[in-house]
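What follows is a short report on a single structure.
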Amino acid sequence: MNRKLITQIKNECRDNIWMIVELTVVAVAIWLLTIFLFMAVYPKFDETGTDINDVYKIKIKTIDSQSPEYQDFGDSQKETEFADMRMLMRRIRKSPYVEAAAFSCNAMPYQYNYQGNGLNPIGSTDSILYNGNVRMGSPEIVRVLRPVSHDNLSYSEMEDMLRKGGILISHSPLYDRQRDTRKLIGQKVMLFDTVYPKLISGIISDMKRSEYEHQIGTILAPIDESQDNMLSFSSEIAVRVKSGMGKKFEEEFLTDRNMRKLRNVYLTELTDMADARRDTQYSQDTQVRLIVAGIVFLLIIIFLGLLGTFWFRIRQRSAEIALRMTCGATSGDIFRRTIGEGILLLLITMIPTLIIEVILHFKFVVDESFPFWLPEWLPSAAAFAFTLIIMAAMIVAGVVFPARKAMKIEPAIALKEE
């Protein structure tokens, strides 16, 4: 049977070459669509690295100097404002509904103010540098956002590390594909835009800004509340309330003016992070749904096109199939031959397809933001396997139905057409 199929394919070489070209184009298109879909959706299934339940965000602002409520303190203006910020923070922390509160600069998720930076190990000549998104917060930030420690450290232990001036980092796919991030623990490093060295104290999960963001690495650095110049980095306060006390805290914050304002400094825009997540994710979920719908639509179009091609191919052989039935061939023989021919053409097609996909993989698909534990070849290999399976299903569907119909043709009619 195999020899007969190969002989038949050779005899119809011209038609089969065009068929192989068509199948190659279709296979590459399906592979690309699969890869694109994977890259758009897979981050959704990664952990965000933070726990936003019962967490609120509060903006810190100062009264404009042109406002009639503005109080001028002359040369001590900044020092007074920083002292007032600390006082407002103490009032929030004293609330019976608050579990923890911290000054924050770019630490909160679901906001896209990007502050990328790199780590340069002191005394190292290694050209591979760790880069990540800097998150800054007073040490209590770990009890507010609850990042996951990869060293099984408690929140108090991580808080103590930050209080001593250390920093916490996450695994970075770019760095981990070439080096081991864990070997950086205990090393002193320089952030590119600072003048004082920092000690890398531990590894935490990547603190993503949204569910759909790819892992890029996180650098969690401390804000020292005792230093006025460090407080200048902070533009918000992150608050974790006790479980179930969110509404009571909102009511207290809105009704107690002393908690919200002190001379030129005031707190505003109390935002439940669950609401911030919903607002951010709504647009992203909509975009992803449109992408998925578009890809599914294209796959359906490709499926119908390939189905039609093989349907037409088998319909042209209706007389041949009927004659074979007349000569004693069974339904099983016809199905094995027609399906076998299509699958053999598909396997031949996979050779140039694999070559093209390998080239595309190394030029465009290798994504350094994939999780470091995920082999970079795996998404492309999985997409190739999916392409092979879906195309085989298309070919079988395009062969079975017209072949079944052709087997029902009366022998006399088949001989007349032949």
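The values are calculated or read from the model by the stated rules, or taken from the named source; none is laboratory data. This structure is a prediction, so every number in the text was calculated from the model and none was measured. Glycine gets a Cβ as well: all are built from the backbone with ideal geometry, and neighbour counts include every protein chain shown. In case anyone asks, the SASA skips ligands and DNA or RNA and just uses the protein heavy atoms, side chains included. Shrake-Rupley method; radii C 1.70, N 1.55, O 1.52, S 1.80 Å.
Within 10 Å, Cβ to Cβ, of Glu69, how many net charges do the neighbouring residues add up to if Lys/Arg are +1 and Asp/Glu are -1?
Neighbourhood net charge equals +1.
Which net charge results when you count Lys and Arg as +1 and Asp and Glu as -1 among the other residues whose beta-carbon is under 12 Å from that of Asp160?
0
Report the dimensions of segment 230-296 along its three principal axes from the alpha-carbon atoms, largest first, rounded to Å.
For segment 230-296, the Cα spread along each principal axis is 57, 32, 17 Å.
What per residue convex hull volume, in Å³, comes out for segment 25-88 when only alpha-carbon positions are used?
221 Å³
Just by accessible area at a 1.4 angstrom probe, what is the order of Lys208, Lys94, Lys248 from largest to smallest?
Reading off the accessible areas and sorting them downward yields Lys94, Lys248, Lys208.
State which entries of Lys44/Lys363; Lys78/Lys188; Lys59/Lys208 exceed 27 angstrom in Cα-Cα distance in the structure shown. Please report the intermediate quantities before stating the final value.
On the way: Lys44/Lys363 25 Å; Lys78/Lys188 32 Å; Lys59/Lys208 21 Å.
Checking Cα-Cα distances, Lys78/Lys188 exceed 27 Å.
For segment 122-227, what is the Kirkwood estimate of the hydrodynamic radius, computed as the reciprocal of the mean inverse distance between distinct Cα atoms, to one decimal in Å?
Working: mean 1/r = 0.0710 Å⁻¹.
Every distinct Cα pair counted, the radius reaches 14.1 Å.
Once you place label points 7 Å from the Cα toward the Cβ at Leu354 and Ser76, how far apart are they in nm?
Label-label distance for Leu354 and Ser76, simple model: 7.8 nm.
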